[in-house]
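Coordinate-derived values only; no laboratory data. All values derive from a computational prediction rather than experimental measurement. Every residue, glycine among them, receives a Cβ derived from its backbone with ideal geometry; neighbour counts consider all protein chains shown.
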Ligand code: NAD
């Protein structure tokens, strides 16, 4: 198979500290693999505590000396808009790098830069339009909110759609006037290496943005524990979230946690079945199934269950799995051999827990690389591990239900609570069910598109604290209440 290797790949991936690209003080590096060949294509600086110390010191200096935290919102917004323009202009290059490093299909990597750019534009607009509360008790008192950026924000991000998810944190943190240290995921550090040039060209002062590569247990942990980092925004697995939560507790740090999911898509018999099948296929097989909001459990009303399963499986069998750079590819290579092994273990387990309708292993003709055929299990019992646990790959569990109450119990019967998708033509049921389902975000007869003003986040094991719109600004700022007696 022809495999596309981008031109001008960096010779090595470095940290970016105080406006300089630097190696680790220790000289340590780690290997970064291309998920199609699983060969090392570059090494990246493996940050240790001393690198994090330098990055935090640079961010602290930029915060203390300014001008970033004290700039007028309008001035900061101009820089953010220049960042957005630079990001948007790199769409095809970013997609090429992201596809190469993560194994995402190129058609799905294209457009991610536009989404990342929108995050910067949105927060540029928001800080200019920001209004804070003022209360007046006539003749007695006035009270108002004075907002200030908190300081150095520690941002820790995962490997799925890495650049775009980094922008979700970078844009509000910078818009709020914080300075930042970003620790991107070790599986996929390539696209994050674009930020330094983008920020420098847009006129972001040195030291406002710093990046330390490395492993979670080393660089990530040092950032979480650093005494000069008062808040951590984390996206990743729920188990990692728990560790970080514990490690933030001693210093009572601010925390925002976007964690794992096992989101249900509930299909009632009165749904538009064509639309529900299209959407639920997209929900779990787009982005290689490596999507936090994947609808990885499909609950289907029994009267349409057999029809749904056979039509769904037929479509899943026809999904094109192949080289991520091929525009015909719909499911590419999973990010890393360790993750591939994890997903394959669930596929084998699924064969003992459900009825295999499609996939079930490596697709024929793709003998190397982290390829998994889109896999569909039906008749999956609610206590099955493939029903309960996040797989984070192209694997779906389908389960029948008879009543609305049963559907709700099944939907809520897992530890996660990130998203839910409902398919029904009964508007009353859509809303009452949506308001009872344990999920931070619900899509009715639709999927995944959201306005940037809405809250984003999960409940239960899927997260803590919601970002999105002004909630993100609240997270990255202190709101001081000032009272004057008149
Ligand atoms: P992960 O938890 O393994 O790693 C995420 C980040 O945390 C990485 O940068 C990693 O190096 C770092 N890390 C690991 N251990 C650490 C520690 N002890 N201290 C500090 N940092 C540490 O997650 P992943 O495998 O990279 O990403 C996949 C997970 O992310 C899935 O569970 C997925 O659902 C979740 N996710 C959630 C959302 C959301 O918005 N809720 C979005 C995307 C991904």
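Antiparallel versus total DSSP beta bridges in the chain: what percent is that, nearest 5?
Counting DSSP beta bridges with both partners in the chain, the antiparallel share is about 45 percent.
Quick one: which of 56-62, 477-483, 172-178 comes out on top by average Cβ neighbours within 10 Å, and what's the full order, highest first? Please list the in-between numbers first.
Working: 56-62: 21.1, 477-483: 12.6, 172-178: 27.3.
The densest-packed peptide leads the list: 172-178, 56-62, 477-483.
If I take every Cα pair under 8 Å that is 6 or more residues apart in region 264-444, average their sequence separation and divide by the length, what percent do I get for the relative contact order?
Dividing the mean separation by the residue count of region 264-444 yields 28 percent.
Only counting other Cβ atoms within 10 Å, I'd like 200, 225 sorted with the fewest neighbours first.
Fewest to most other Cβ atoms nearby, the residues stand as 200, 225.
Fewest to most neighbouring Cβ within 10 Å: what's the order for 386, 106?
106, 386
Could you grab the relative contact order for the chain? Cα pairs under 8 Å, six or more apart, rounded to a whole percent.
Across the chain, relative contact order equals 18 percent.
Can you give the calculated 222 nm mean residue ellipticity of the chain, where each DSSP H run of n ≥ 4 adds -39,500 (n - 2.57) and the sum is split over every residue, rounded to the nearest 500 deg cm²/dmol?
-11500 deg cm²/dmol
Once both labels are modelled 7 Å past Cα along the beta-carbon direction, what's the residue 278-residue 314 spacing in nm?
1.7 nm
Over what distance in Å are the Cα centres of region 104-137 and region 281-334 separated?
30 Å
Where the centroid of each part is defined by its Cα atoms, how far is region 395-444 from region 176-241 in Å?
35 Å
Compute the acute angle (0 to 90°) between the alpha-carbon long axis of helix 91-102 and the principal axis of greatest extent of the alpha-carbon atoms of the chain; round to the nearest 10°.
With both axes taken from Cα atoms, the answer is about 60 degrees.
Multiply the residue separation of residue 388 and residue 43 by 0.36 nm, subtract the distance between their alpha-carbon atoms, and state the gained length in nm to one decimal. Mind dumping the intermediate values first?
Numbers: separation 345, 0.36 × 345 = 124.20 nm, distance 3.62 nm.
Length difference between fully extended and current span is 120.6 nm.
For residue 136 paired with residue 479, estimate the spin-label separation in nm (one decimal), with each label point 7 Å from Cα along the Cα-to-Cβ line.
Each label point is offset 7 Å from its Cα along the Cβ direction, giving 2.1 nm.
Find the relative contact order for region 72-174 and round it to a whole percent, using C-alpha pairs within less than 8 Å whose residues are 6+ positions apart.
Relative contact order for region 72-174 comes out at 32 percent.
Along the Cα→Cβ direction, 7 angstrom out, place labels at residue 405 and residue 381. What is the inter-label distance in nm?
Calculated label separation equals 2.2 nm.
Residue 143 to residue 89: FRET efficiency via 1/(1 + (r/R0)^6), r the Cβ-Cβ distance, R0 35 Å, to the nearest 0.05?
On the way: r = 45 Å, r/R0 = 1.29.
Efficiency computed from Cβ-Cβ geometry: 0.20.
Report the rotationally averaged projected area of region 357-458 based on its alpha-carbon convex hull, in square nanometres.
Mean projected area of the Cα convex hull: 8.5 nm².
Based on Cα coordinates alone, diagonalise the gyration tensor for region 264-444, multiply each eigenvalue by 5, take square roots, and list the semi-axes in whole Å, largest first.
27, 16, 15
Would any residue of region 13-32 have its amide N under 14 Å from a label point 7 Å out along Cα→Cβ of residue 50? List them or say none.
23-29
Tell me the volume per residue, in Å³, of the convex hull enclosing the alpha carbons of the chain. Spell out each step's value before the answer.
On the way: hull volume 72.2 nm³, N = 486.
Cα-based convex hull of the chain, divided per residue, equals 149 Å³.
In degrees, nearest 10, range 0 to 90: what is the angle between the Cα axis of helix 49-65 and the longest Cα principal axis of the chain?
Helix 49-65 sits roughly 50 degrees off the main axis of the chain.
Which residues among region 270-296 fall inside the zone where the amide N is under 18 Å from a point 7 Å beyond the Cα of residue 436, along Cα→Cβ?
Taking a point 7 Å out along Cα→Cβ of residue 436, the residues of region 270-296 whose backbone N falls under 18 Å are 270-271.
Calculate how steeply helix 238-249 sits against the longest principal axis of the alpha-carbon atoms of the chain, using the helix alpha-carbon long axis, and give the answer as 0 to 90 degrees to the nearest 10.
Tilt relative to the chain: about 20 degrees.
How large is the direction-averaged shadow of the alpha-carbon convex hull of region 6-116, in nm²? Display every interim value, and only then the final one.
On the way: hull surface 34.2 nm².
Result: a mean projected hull area of 8.6 nm².
Most exposed first by the Cβ proxy, i.e. fewest other Cβ within 10 Å, how do 383, 125 rank?
On the way: 383 9, 125 15.
Lowest to highest Cβ neighbour count: 383, 125.
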